[in-house]
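Visitor: Quick one: the structure is below, questions incoming.
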Amino acid sequence: MGVARYWRQQDQRYNLRGARCTICGNVFFPSRMMCPVCHRRSLGKMEKYHFIGSGKVASFTIVHDPAPGYRSQVPYILAVIELDEGDMILGQIVDCPPSDVGIGSEVEMVFRKLSEEGRSGTIQYGYKFRLK
Amino acid sequence: MRKLAREVAVIGIGQTKFGEHWDLSFRELGIRAGIEAILDAGIDSKRIDALFIGNMSAGLFLDQEHIASMIAEEVGLTANQIPATRVEAADASGALAFRQGLLDIASGLHDVVVVGGAEKMSDVTSDVAAGFIAAGADQAWEALFGATLPGLYAIMARRHMKEYGTTVEQLAAVSVKNHRHGKMNPFAQFQSEITVETVLKAPRVAEPLGLFDCAPVSDGAAALVLCEMELAREICPCPVKIAGTGQGSDALAITNRPSLTELRATKKASERAYERAGYSPKDIDVAEVHDSYTIGEIMAIEDLGFFEKGDGGPATVRNDTTFGGIIPVNTSGGLKARGHPLGATGIAQINEIVLQLRGKADRRQVKDARVGLAHSVGGTGGTAVVNILEVV
């Protein structure tokens, strides 16, 4: 897959940079060009918003049959996190056994290698989470 | 709600057995289902005005796009260059193609339309197939972060367990019931019964879901013939009327939806279909719902209004969703046992409902079935389609 596809999302993936609508104040991850609440009024009025990266586990699974590029990581914990700012985000929880994770567990963002496209392909980096 | 300009009926159905068809190509699967539907309708193929095909991803599975033209030619419908259109919404593609065929006739544009669905999945390994199936979820913000389709459903399942006390045994009961039903369907991929223990002891895919909580990788095709109602009464001894249709969309990624335990697209699609048909959930005698994962059936029978939210699991264990229960669900075996060739599924569901309403479902016939519902979901719920059919 082309490198640009991953490159153009680096700021969001590396820094948890989403968007904030300056009209209604809602924040969004991933970033949006237009606020789905304010529609056209928000055009040109969205600003970058840096999420702190702290939140709680809304639900999770332990993946045994992995996604492409994740074979070496099984079994891994995949969770939906409710960020402190209110938005939800999907990511792995690392650095702990699955038995330590529950719905409601508090987590924080860490920067890690996500996956690799085989031995000679590109490596993707981005956010994961660990228990606080 | 405005009435459709014209009423539409199903006058012919056909399908291949679902399963691993090493010996059959995509084209051959499509032809077999299509020819059978046209023969069942008993019409001359010259009367067919248009073709709609539901297919999720021939592009990924077979490196072949532009399949509507390909199938139209194979089934001999290009002599008069009739319009042939492919419709895509992940594994709701078949149901959506059906809806497009319905709207095509209802609008007055055409009188007789063939609608098909087909998928050839076994030409790639199951690992590769799993990656392609995940293309129905959000590639940039889910799959790239390690999400698989069963993983996303597992996340919904665990939240459902937390909020409503749903158990893994209740999830397993869906699979056990659908295998029991599938045993009575000669077109089903799996025709053997399993036990709760089989499901619970199977290898884990994404906890709490195991292999037997997941629909299989399948090849297969299904087709049907739609006809304007007045004409249908003239040429068909047993037309089945399409009473209502509804479609809903929601965010592609589960993180962009307010709840992890319901599919808003399903709720809205069914509300629209019920309103158009003038029926309520209580009026439905038999239903085919989207059980690509066992939690999917539990959420579906709740979101469609058959049971209270949270009662889907207990209802399944109470045998409310099998023969003799409140509403028999997935009499065909569902996606789990009939098989799930993505684009073909929505059409196969309608075929089962038509069989039931014709009273021709043999050993799995639901007694006095007069109104049936079919429900399809694309991916994790970005699209849902609900169609209601009734005996004329």
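Visitor: Considering only residues that are out of contact with any helix residue (DSSP H, G or I) (no Cβ under 8 Å at 6 or more places or on another chain) and among the aromatic types (F, W, Y), which ones fall in the stretch B:1-42?
Guide: If the condition is that a residue be out of contact with any helix residue (DSSP H, G or I) (no Cβ under 8 Å at 6 or more places or on another chain) and among the aromatic types (F, W, Y), then B:W22 is the only one that fits.
Visitor: Restricting attention to the stretch B:80-106, and to residues there that are part of a helix (DSSP H, G or I) and polar (S, T, N, Q), which single residue is nearest to B:L252 (Cα to Cα)?
Guide: If we take residues in the stretch B:80-106 being part of a helix (DSSP H, G or I) and polar (S, T, N, Q), then B:S93 is nearest to B:L252 (Cα to Cα).
Visitor: Would you confirm whether or not the stretch B:300-318 contains a residue that is crowded, with 24+ Cβ neighbours inside 10 Å, among the acidic types (D, E) and closer than 23 Å to B:K267 by Cβ?
Guide: yes
Visitor: Further question on the same structure: Within the stretch A:82-93, identify whether any single residue is touching a residue at least 60 places away in the same chain (Cβ under 8 Å), surrounded by fewer than 21 Cβ atoms within 10 Å (Cβ to Cβ) and within 12 Å of chain B (Cβ to nearest Cβ), and answer yes or no. It would help to see each step written out before you state the result.
Guide: Initially, the stretch A:82-93 is screened for residues touching a residue at least 60 places away in the same chain (Cβ under 8 Å), giving A:87, A:89.
From what is left, the residues that are surrounded by fewer than 21 Cβ atoms within 10 Å (Cβ to Cβ) are A:87.
Of the ones still in play, those that are also within 12 Å of chain B (Cβ to nearest Cβ) are A:87.
There is at least one residue in the stretch A:82-93 that is touching a residue at least 60 places away in the same chain (Cβ under 8 Å), surrounded by fewer than 21 Cβ atoms within 10 Å (Cβ to Cβ) and within 12 Å of chain B (Cβ to nearest Cβ).
Visitor: Now, a different point. Between B:V205, B:V199, which is assigned by TED's automatic domain parsing to the domain that holds B:S280, outside any helix (DSSP H, G or I), over 22 Å from the mean Cα position of the chain (by Cα) and surrounded by 20 or more Cβ atoms within 10 Å (Cβ to Cβ)?
Guide: Values: B:V199 fails: outside any helix (DSSP H, G or I).
The conditions single out B:V205.
Visitor: Related question: Quick one: count up the residues across the stretch A:102-112 that are within 18 Å of A:Y127 (Cα to Cα) and surrounded by 15 or more Cβ atoms within 10 Å (Cβ to Cβ).
Guide: Quick first cut of the stretch A:102-112, residues within 18 Å of A:Y127 (Cα to Cα) only: A:105-112.
Now restrict to residues that are surrounded by 15 or more Cβ atoms within 10 Å (Cβ to Cβ): A:105, A:107, A:109-110, A:112.
The total comes to 5.
Visitor: Can you find a residue in the stretch B:145-152 that is within 22 Å of the chain's Cα centre (by Cα), within 12 Å of chain A (Cβ to nearest Cβ) and among the β-branched types (V, I, T)? Quick ask: steps written out before the conclusion?
Guide: First, the residues of the stretch B:145-152 that are within 22 Å of the chain's Cα centre (by Cα): B:148-152.
Going one step further and asking which of them are within 12 Å of chain A (Cβ to nearest Cβ), we end up with B:148-152.
From what is left, the residues that are among the β-branched types (V, I, T) are B:148.
Looking through the stretch B:145-152, at least one residue is within 22 Å of the chain's Cα centre (by Cα), within 12 Å of chain A (Cβ to nearest Cβ) and among the β-branched types (V, I, T).
Visitor: Moving on. Across the stretch B:217-231, what is the number of residues that are within 24 Å of B:I31 (Cβ to Cβ) and either of a type in the set (A, V, I, L, M) or touching a Ser or Thr at 6+ places or on another chain (Cβ under 9 Å) (or both)?
Guide: Of the residues in that region, 10 qualify.
Visitor: Tally up the residues in the stretch B:337-388 that are surrounded by fewer than 24 Cβ atoms within 10 Å (Cβ to Cβ) and either under 22 Å from B:K267 (Cα atoms) or among the polar types (S, T, N, Q) (or both), please.
Guide: 2
Visitor: A further question follows. If you go through the stretch B:208-260, how many residues are over 30 Å from B:E197 (Cβ atoms), part of a loop (DSSP other than H, G, I, E, B) and hydrophobic (A, V, I, L, M, F, W, C)? Before you say what the answer is, go through the steps one by one.
Guide: Within the stretch B:208-260, the subset over 30 Å from B:E197 (Cβ atoms) is B:221-259.
Now drop any that are not part of a loop (DSSP other than H, G, I, E, B), which leaves B:236-239, B:250-253, B:257-259.
Going one step further and asking which of them are hydrophobic (A, V, I, L, M, F, W, C), we end up with B:236, B:238, B:251-253.
Looking only at that region, the number is 5.
Visitor: For B:S57, state whether it is under 17 Å from B:G94 (Cα atoms) and touching a Leu at 6+ places or on another chain (Cβ under 8 Å). Explain how you work it out, then say what you get.
Guide: Working: under 17 Å from B:G94 (Cα atoms): yes; touching a Leu at 6+ places or on another chain (Cβ under 8 Å): yes.
In short, yes.
Visitor: Could you please let me know if B:V128 is within 13 Å of chain A (Cβ to nearest Cβ), closer than 14 Å to B:A58 by Cβ and under 23 Å from the mean Cα position of the chain (by Cα)? Break it down stepwise before answering.
Guide: Details: within 13 Å of chain A (Cβ to nearest Cβ): yes; closer than 14 Å to B:A58 by Cβ: no; under 23 Å from the mean Cα position of the chain (by Cα): yes.
Judged against the criteria, B:V128 is not a match.
Visitor: Further question: May I ask you to list the residues in the stretch A:62-77 that are more than 7 Å from chain B (Cβ to nearest Cβ) and touching a Ser or Thr at 6+ places or on another chain (Cβ under 6 Å)?
Guide: Within the stretch A:62-77, just A:G69 meets the criteria.
Visitor: Being assigned to a loop (DSSP other than H, G, I, E, B), more than 14 Å from chain A (Cβ to nearest Cβ) and buried (at least 20 other Cβ atoms within 10 Å of the Cβ) is the requirement here; does B:L77 meet it?
Guide: Details: assigned to a loop (DSSP other than H, G, I, E, B): yes; more than 14 Å from chain A (Cβ to nearest Cβ): yes; buried (at least 20 other Cβ atoms within 10 Å of the Cβ): yes.
So B:L77 fits the description; yes.
Visitor: Tell me which of these B:Q189 doesn't satisfy, since it passes every other one: (1) in the same structural domain as B:R364 (by TED's automatic domain parsing); (2) part of a strand (DSSP E or B).
Guide: (2)
Visitor: Here are A:S59, A:S31, A:S42: which of them is away from every other protein chain (no Cβ under 12 Å) and surrounded by 14 or more Cβ atoms within 10 Å (Cβ to Cβ)?
Guide: Numbers: A:S59 fails: away from every other protein chain (no Cβ under 12 Å); A:S31 fails: away from every other protein chain (no Cβ under 12 Å).
Of A:S59, A:S31, A:S42, the one residue that is away from every other protein chain (no Cβ under 12 Å) and surrounded by 14 or more Cβ atoms within 10 Å (Cβ to Cβ) is A:S42.
Visitor: Of everything in the stretch A:94-117, what is of a type outside the set (V, I, T) and either within 9 Å of chain B (Cβ to nearest Cβ) or in contact (Cβ under 8 Å) with a residue 40 or more places away in the chain (or both)? Give them in sequence order. Walk me through it before giving the result.
Guide: Let us first name the residues in the stretch A:94-117 that are of a type outside the set (V, I, T), namely A:95-100, A:102, A:104-106, A:108-109, A:111-117.
Result: A:P98, A:G102, A:G104, A:S105, A:E106, A:E108, A:M109, A:F111, A:L114, A:S115, A:E116, A:E117.
Visitor: Give the residue that is nearest to B:T148 (Cα to Cα), with candidates limited to residues of the stretch B:233-242 that are in contact (Cβ under 8 Å) with a residue 12 or more places away in the chain and surrounded by fewer than 23 Cβ atoms within 10 Å (Cβ to Cβ).
Guide: Taking the stretch B:233-242 first, the residues in contact (Cβ under 8 Å) with a residue 12 or more places away in the chain are B:233, B:235-236, B:238-242.
If we keep only those that are surrounded by fewer than 23 Cβ atoms within 10 Å (Cβ to Cβ) as well, we get B:233, B:235-236, B:238, B:241.
Values: B:R233: 47, B:I235: 47, B:C236: 45, B:C238: 43, B:K241: 38 Å.
My answer is B:K241.
Visitor: Scan the stretch B:134-180 for residues that are over 18 Å from B:D250 (Cβ atoms), outside any helix (DSSP H, G or I) and touching a residue at least 40 places away in the same chain (Cβ under 8 Å) and jot them down.
Guide: B:T148, B:G165, B:T166, B:T167
Visitor: Working only within the stretch B:156-196, note down all residues that are within 14 Å of chain A (Cβ to nearest Cβ) and surrounded by fewer than 17 Cβ atoms within 10 Å (Cβ to Cβ). Before the answer, list the steps.
Guide: Start the filter on the stretch B:156-196 by keeping residues that are within 14 Å of chain A (Cβ to nearest Cβ), which leaves B:156-166, B:168, B:171.
Correct list: B:K162, B:E163, B:G165.
Visitor: So, one more: Among (1) more than 14 Å from every other protein chain (Cβ to nearest Cβ); (2) modelled with pLDDT under 95; (3) surrounded by fewer than 20 Cβ atoms within 10 Å (Cβ to Cβ), where does B:A68 come up short?
Guide: Against the list (1) more than 14 Å from every other protein chain (Cβ to nearest Cβ); (2) modelled with pLDDT under 95; (3) surrounded by fewer than 20 Cβ atoms within 10 Å (Cβ to Cβ), B:A68 comes up short only on (2).
Visitor: Right, next: Hey, can you tell me all the residues within the stretch A:72-101 that are out of contact with any helix residue (DSSP H, G or I) (no Cβ under 9 Å at 6 or more places or on another chain) and small (G, A, S)?
Guide: Correct list: A:S72, A:G86, A:S99.
The values are calculated or read from the model by the stated rules, or taken from the named source; none is laboratory data. Just so you know, these numbers come straight off a predicted model, no measurement behind them. Cβ atoms come from the backbone with ideal geometry, glycine included; neighbour counts cover every protein chain shown.
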